[in-house]
Amino acid sequence: MTVAAVTATRPEPALRAARLSPVWVAAGMAAVAAAALAGLVMGPVALSPVAVLRHVGGLRSSLEPQQAAIVDQIRLPRVVLGLLVGSTLSLCGASYQGVFRNPLADPYLLGAAAGAGLGVTIVIVGAAEGATTPALAPLAAFVGALVAVALAFVLGRAGGARSSTASLILAGVAVASFFTALQTYVQQRNQDTIRQVYSWILGRLSTAGWHEVLLLLPYAVFTWVVLLVHRRILDVLAVGDDEASTLGVHARRSRLIVIVVASLGTAAAVSVSGLIAFVGIIVPHTVRLLAGRSHRVVLPLSLMFGGAFLCLADLLARTLSSPAEIPIGVITAFFGAPFFILVLRSSSRAGRTT
Amino acid sequence: MICCRDVSVHLGDRLVLDRLDVELQRGGWLSIVGPNGAGKSTLLRYMAGLVPGSGELHLDGRRAGTLGRRERAQLIAYVPQVPIIPDGARVLDYVLLGRTPHIRPLGVEGPRDIAAVHDALARLELVELAEREVASLSGGERQRVLIARALAQGSPLILLDEPTTALDVGHQQQVLELIDDLRRTAELTVVTTTHDLTLAGQYAERLVLLHQGRIVVDGRASDVLTEENLARYYDARVRVVDDGGRPVVIPVRAVPT
């Protein structure tokens, strides 16, 4: 074979790098809008979509004052919270999967959520004794999450020089069990707050107005921005630290930034919503299957579809056995666990090459 | 173009490279040979900045230690023996990764990067495969994709760790011809490691023979590939035949007694 001469006129097939197509962006936004609208109009009191849209858009609408209050004070904050939590968990899951080059890495399997859970439990228990305040919850969750992820990573490496998919996940599961045990211990020792802790653990998006939304918003936005600007770097890191480093990327530093920020995002989401598992694994994987594997596609789409997914899961949680509410963590686990098996099967098949 | 002075590398507490001096001019092709465990890959990895060591490394007349990561990547491209191919990566996107040192750290590629990728794909006759998944390619095609990535990187110096090990003899020749063509037309400086001594002698202008972390012979193929050297350092029984000035190494089986 000879090297083709470099011709002055380039051959015609246009080369398109993997990037987010406008069609997918539109689909993602449509999903968010549809999920949000469904969340606003459905419930114990069914409302007219047109009227709700007009009302939310600030126009005159046919909603009764009482109905308007349901939208403003109950459903809208809850929908927005669902979008924020779902987007953040899903984006963080996609980022963990990229940074650990591990399709099963997820805030829950790595122990981040359990660590955050311990942090929040300590804050709730402490608050009852006047030692802490609930405002510390995000920070305590963050510290707990980081400690747990670091521990999982170190333990996963302890088995051998190279951390494989299996060893990292096993370490994560061990860490998660350990932190959950600690958390249960703290919770059981403090009977007076046990109900409060329980309802938080099972995951809930029930809000009283906008308080939780405002608590989460700054962390969520920060997490989104940092993770999204790293989308191309995550693609480079996929060739491994050595090669990424010969391509001029500070591999270890980039990894660390992504891990810390994804843990922050997870912790912030967990601290307001409780433990909602599997969002960070279902959504990114579905996106990868349908839209492509580049992080430039996976991260933004996980953000959008994650929000929409959790919004719909929450709708199910509060309408399936209305007027009672099923914890949203139960809904996501119901869908997530079977899905997880699928992922495990497909990734163990693909695992031969890694 | 690349110059190692008094380079030693420890891996753990093992001395892997022992006070090496190597120098290679622009446009040259250096092939590092030596028995298993002699330190060939480590020397390449040291040049690529992947293992720390003592001594001095100069790239294009500048001390490697003073170069930033990106600057260094703009000077030197490295193709490992067993690269990690990301799941589902297409040829185009994989080759585009080579442009990383030219793209702002948190930015995305521009038209110049796409043009460079196109150039690399065209030179390696990969345009038709641009949309294929790298993992689905044959060994020879995959090696061309790796070289395309290094070429897209636009670095004047390319290090290839055993680029032909997994290929059959036809594809070995193909790949080595390609590298030689690029060396001439794109003015690249090439450093390779290999176990195939005959091919090393046919393509590289210069060979260094490593043994236990030291350079024991350095010179043209006919100086390095002698029966005596190969017996001494490889512990191998070979005959070396002259084929128009190039040595051909033939393993010889001991006659059973």
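The values are calculated or read from the model by the stated rules, or taken from the named source; none is laboratory data. If you're wondering where the values come from, they're calculated on a predicted model, not measured in any experiment. Cβ atoms come from the backbone with ideal geometry, glycine included; neighbour counts cover every protein chain shown. When the accessible area is computed, the model is the full protein with side chains, heavy atoms only, and any ligands, DNA or RNA have been set aside. Shrake-Rupley method; radii C 1.70, N 1.55, O 1.52, S 1.80 Å.
Can you tell me which condition A:Ala51 does not meet? The list is (1) in contact (Cβ under 8 Å) with a residue 12 or more places away in the chain; (2) under 27 Å from A:Ile194 (Cβ atoms), and all the others hold.
All conditions pass for A:Ala51, except number (2).
Would you point out which residue out of A:Arg60, A:Arg101 is within 14 Å of chain B (Cβ to nearest Cβ) and open to solvent by 60 Å² or more (accessible area, probe 1.4 Å)?
On the way: A:Arg60 fails: within 14 Å of chain B (Cβ to nearest Cβ).
Only one candidate passes the filter, namely A:Arg101.
Test A:Ser322 against the stated conditions and say whether it is touching a Gly at 6+ places or on another chain (Cβ under 9 Å), open to solvent by 10 Å² or more (accessible area, probe 1.4 Å) and in a loop (DSSP other than H, G, I, E, B). Break it down into steps so the answer makes sense when it comes.
Working: touching a Gly at 6+ places or on another chain (Cβ under 9 Å): yes; open to solvent by 10 Å² or more (accessible area, probe 1.4 Å): yes; in a loop (DSSP other than H, G, I, E, B): yes.
Yes.
Within the set of pairs 6 or more residues apart or between chains, which connect a residue that is within 14 Å of B:Leu57 (Cα to Cα) inside the stretch B:15-33 to a residue that is among the basic types (Lys, Arg) and open to solvent by 10 Å² or more (accessible area, probe 1.4 Å) with Cβ atoms less than 7 Å apart?
Sorted first by the residue in the stretch B:15-33, then by its partner, the pairs are B:Asp21/B:Arg5.
Is there a residue being open to solvent by 10 Å² or more (accessible area, probe 1.4 Å) and assigned to a loop (DSSP other than H, G, I, E, B) anywhere in the stretch A:111-127?
No: zero hits.
In the stretch B:179-217, what count of residues is obtained for those that are away from every other protein chain (no Cβ under 14 Å), charged (D, E, K, R) and under 20 Å from B:Ile158 (Cα atoms)?
3
Can B:Pro163 be described as within 18 Å of B:Gly27 (Cα to Cα), more than 12 Å from every other protein chain (Cβ to nearest Cβ) and not small (Gly, Ala, Ser)?
Working: within 18 Å of B:Gly27 (Cα to Cα): no; more than 12 Å from every other protein chain (Cβ to nearest Cβ): yes; not small (Gly, Ala, Ser): yes.
Against the criterion (within 18 Å of B:Gly27 (Cα to Cα), more than 12 Å from every other protein chain (Cβ to nearest Cβ) and not small (Gly, Ala, Ser)), B:Pro163 does not qualify.
Note down all Cβ pairs under 9 Å where the first residue falls in the stretch A:106-117 and is in contact (Cβ under 8 Å) with a residue 40 or more places away in the chain, the second is of a type in the set (Ser, Thr, Tyr) and in a loop (DSSP other than H, G, I, E, B), and they're at least six residues apart or on different chains.
Hits for this filter: A:Ala114/A:Tyr108.
Could you list, in sequence order, all residues of the stretch A:28-48 that are free of Cβ contacts under 8 Å to residues at least 60 places away in the same chain and crowded, with 16+ Cβ neighbours inside 10 Å? Before you say what the answer is, go through the steps one by one.
Restricting attention to the stretch A:28-48, the residues satisfying the condition of being free of Cβ contacts under 8 Å to residues at least 60 places away in the same chain are A:30, A:33, A:37, A:40-41, A:45-48.
Those that are free of Cβ contacts under 8 Å to residues at least 60 places away in the same chain and crowded, with 16+ Cβ neighbours inside 10 Å: A:Leu37, A:Leu40, A:Val41, A:Leu47.
Does B:Arg26 fit the bill of being under 13 Å from the mean Cα position of the chain (by Cα), of a type outside the set (Asp, Glu), open to solvent by 20 Å² or more (accessible area, probe 1.4 Å) and under 28 Å from B:Leu182 (Cα atoms)? Steps first, answer last, please.
Details: under 13 Å from the mean Cα position of the chain (by Cα): no; of a type outside the set (Asp, Glu): yes; open to solvent by 20 Å² or more (accessible area, probe 1.4 Å): yes; under 28 Å from B:Leu182 (Cα atoms): yes.
Considered against the rule, which asks whether it is under 13 Å from the mean Cα position of the chain (by Cα), of a type outside the set (Asp, Glu), open to solvent by 20 Å² or more (accessible area, probe 1.4 Å) and under 28 Å from B:Leu182 (Cα atoms), B:Arg26 comes out as no.
Just to check your reading of the model, which residue among A:Val343, A:Val297 is in contact (Cβ under 8 Å) with a residue 12 or more places away in the chain, within 14 Å of another protein chain (Cβ to nearest Cβ), within 30 Å of B:Gly107 (Cβ to Cβ) and part of a helix (DSSP H, G or I)?
On the way: A:Val343 fails: within 30 Å of B:Gly107 (Cβ to Cβ).
None of the others qualify; the one that does is A:Val297.
Has the stretch B:130-151 got at least one residue that is open to solvent by less than 10 Å² (accessible area, probe 1.4 Å) and either within 7 Å of chain A (Cβ to nearest Cβ) or of a type in the set (S, T, N, Q) (or both)?
yes
Free of Cβ contacts under 8 Å to residues at least 60 places away in the same chain, in contact with a helix residue (DSSP H, G or I) (Cβ under 9 Å, 6 or more places away or on another chain) and crowded, with 24+ Cβ neighbours inside 10 Å: is that true of A:Ala148 in this structure? Lay out the reasoning, then the answer.
Details: free of Cβ contacts under 8 Å to residues at least 60 places away in the same chain: yes; in contact with a helix residue (DSSP H, G or I) (Cβ under 9 Å, 6 or more places away or on another chain): yes; crowded, with 24+ Cβ neighbours inside 10 Å: yes.
Yes, satisfied.
For the stretch B:71-83, enumerate the residues that are crowded, with 18+ Cβ neighbours inside 10 Å and either in contact with a Gly (Cβ under 9 Å, 6 or more places away or on another chain) or more than 30 Å from A:Val297 (Cβ to Cβ) (or both).
As a first pass, look at the stretch B:71-83 and keep what is crowded, with 18+ Cβ neighbours inside 10 Å: B:72-80, B:83.
If the condition is that a residue be crowded, with 18+ Cβ neighbours inside 10 Å and either in contact with a Gly (Cβ under 9 Å, 6 or more places away or on another chain) or more than 30 Å from A:Val297 (Cβ to Cβ) (or both), then B:Arg72, B:Ala73, B:Gln74, B:Leu75, B:Ile76, B:Ala77, B:Tyr78, B:Pro80, B:Pro83 are the ones that fit.
When you scan the stretch A:256-266, do you find a residue that is open to solvent by 30 Å² or more (accessible area, probe 1.4 Å), under 21 Å from A:Phe222 (Cα atoms) and within 14 Å of chain B (Cβ to nearest Cβ), even just one?
For the stretch A:256-266, residues open to solvent by 30 Å² or more (accessible area, probe 1.4 Å), under 21 Å from A:Phe222 (Cα atoms) and within 14 Å of chain B (Cβ to nearest Cβ): present.
Going by the conditions given, is A:Gln188 in contact (Cβ under 8 Å) with a residue 12 or more places away in the chain, open to solvent by 10 Å² or more (accessible area, probe 1.4 Å) and assigned to a helix (DSSP H, G or I)? Steps first, answer last, please.
On the way: in contact (Cβ under 8 Å) with a residue 12 or more places away in the chain: no; open to solvent by 10 Å² or more (accessible area, probe 1.4 Å): yes; assigned to a helix (DSSP H, G or I): yes.
In short, no.
Identify, from the list B:His102, B:His10, the residue that is in contact (Cβ under 8 Å) with a residue 24 or more places away in the chain, of a type outside the set (D, E, K, R), over 24 Å from B:Gln212 (Cβ atoms) and open to solvent by 40 Å² or more (accessible area, probe 1.4 Å). Can you show your working first?
Working: B:His10 fails: over 24 Å from B:Gln212 (Cβ atoms).
Answer to the selection: B:His102.
Cβ-Cβ distance below 6 Å, separation of 6 or more or different chains: which pairs start in the stretch A:220-240 with a residue that is of a type in the set (Lys, Arg) and end on one that is at pLDDT below 90?
A:Arg232/B:Val108
For residues that are assigned to a helix (DSSP H, G or I) and among the charged types (D, E, K, R), scanning just the stretch A:43-102, find the one that is nearest to the chain's Cα centre (by Cα).
So in the stretch A:43-102, the residues assigned to a helix (DSSP H, G or I) come out as A:49-56, A:65-99.
In the following step, the residues that additionally are among the charged types (D, E, K, R) were identified as A:54, A:72, A:75, A:78.
On the way: A:Arg54: 31, A:Asp72: 25, A:Arg75: 21, A:Arg78: 17 Å.
Across the stretch A:43-102, the extreme among qualifying residues is A:Arg78.
Enumerate the helices (runs of 4 or more DSSP H) found wholly within the stretch B:1-99, keeping only those where 1 or more residues are away from chain A (no Cβ under 14 Å). Please lay out each step first, then the result.
On the way: elements: B:40-47, B:69-75, B:91-96.
Per the criteria, B:40-47.
Restricting attention to the stretch A:325-348, which residues are surrounded by 15 or more Cβ atoms within 10 Å (Cβ to Cβ), within 18 Å of the chain's Cα centre (by Cα) and not aromatic (Phe, Trp, Tyr)?
A:Pro327, A:Ile328, A:Gly329, A:Val330, A:Ile331, A:Thr332, A:Ala333, A:Gly336, A:Val343
Report yes if A:Phe305 is open to solvent by 20 Å² or more (accessible area, probe 1.4 Å) and at positive phi, otherwise no.
Details: open to solvent by 20 Å² or more (accessible area, probe 1.4 Å): yes; at positive phi: no.
No: the conditions fail for A:Phe305.
Just need a number here: residues in the stretch B:100-123 that are farther than 28 Å from A:Val225 by Cβ and more than 7 Å from chain A (Cβ to nearest Cβ).
Counting residues in the stretch B:100-123 that are farther than 28 Å from A:Val225 by Cβ and more than 7 Å from chain A (Cβ to nearest Cβ) gives 4.
Does A:Val143 satisfy the condition of being buried (at least 24 other Cβ atoms within 10 Å of the Cβ), of a type in the set (Val, Ile, Thr) and assigned to a helix (DSSP H, G or I)?
Values: buried (at least 24 other Cβ atoms within 10 Å of the Cβ): no; of a type in the set (Val, Ile, Thr): yes; assigned to a helix (DSSP H, G or I): yes.
Judged against the criteria, A:Val143 is not a match.
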